[in-house]
Amino acid sequence: MQTLELTKKDGFAILKLHRGSGNAINLQMMQELSDFFQNAENDAEIGGVILTGNPGIFTAGLDVVELYSLDKEGSYAFWKRFVDLATELVAFSKPLIAAIPGHSPAGGCVFACCCDYRVMAEGENYRIGLNEIPVGIVVPERILHLYGFWVGIRNAYQFLMEGRLLSPEEALRAHLIDEITEADELMNRAEIQMRKYLKLPQQTWRMSKVNLRQGLLEKMQVDFEASYGKAMEQFWSPENRAAMGKLVEKLKK
């Protein structure tokens, strides 16, 4: 794997997103994540997974530079791969914990919302949330349901419509994350939670997780075209392309 680093420890895996300073999510990373979780589902040596990132950053979200460079067919495939991956993560039946070492906006927040437990490093400048609207991306209904699974539909609606990014303390109060800790204690806290899960009867735990997420999964598995069709139209509007072009130029500097 070129965008991920894997460590196996005490019956679980630590999977680190590791692609440049921002861990931007590109097609390669999405495919590597998909391949890993498909294999981990049936790997007896992996009882659960802790997903983490680089110091100060979980992931900055989708690789806007790569996405902007694609044609309509390519961008459609990019978005579909991302939505399919999020659905795969939600469906993963083993314990999945996010150890968030810093910033986690947009796609990073989506990854975190797919997990069973989220522990985040403290930091007054760190932010987590879904800021799609301010960058010109139409929010599909399935993202509302994924976000709302943790923070409640009302809060999810308000946060999404404001493009609001939350501090760790705000995220904890909103139940978007479960714990805040010092940066050097992040992995230790995530491992403690993982061991709590793994002490429980695993077949029962996994079947219960699938049952409790069934309603969410049904909402996540709706037809891509029906859910994202209008969003894709907006993505290719002249207004949105101009805004994304300006963002890409800033990111390249």
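Contact order, relative form, for the range 4-198: 19 percent (alpha carbon pairs under 8 Å, 6 or more residues apart, mean separation divided by residue count). A straight Cα-to-Cα reach below 18 Å connects LYS9 with the lysines LYS94, LYS196, LYS199, residues fewer than 8 places away in its own chain not being considered. Compared with the direct C-alpha span, the chain from HIS175 to ASN125 gains 16.1 nm at full extension, assuming 0.36 nm per residue.
For the range 210-253 versus the range 78-135, the inter-centroid distance based on Cα atoms is 15 Å. Amide H to amide H, with H built 1.01 Å from N, ILE180 comes under 5 Å of MET120, counting only residues 5 or more places away or on other chains. Cα-based radius of gyration for the range 167-253, normalised by 2.2 N^0.38 Å, reads 1.70. Overall shape of the range 1-99 was characterised from the C-alpha gyration tensor. The equivalent ellipsoid obtained from it has semi-axes of 25, 16, 10 Å, in decreasing order. Within the chain, the ratio Rg/Rh, alpha carbon atoms throughout and Rh by Kirkwood, equals 0.94.
Coordinate-derived values only; no laboratory data. This structure is a prediction, so every number in the text was calculated from the model and none was measured.
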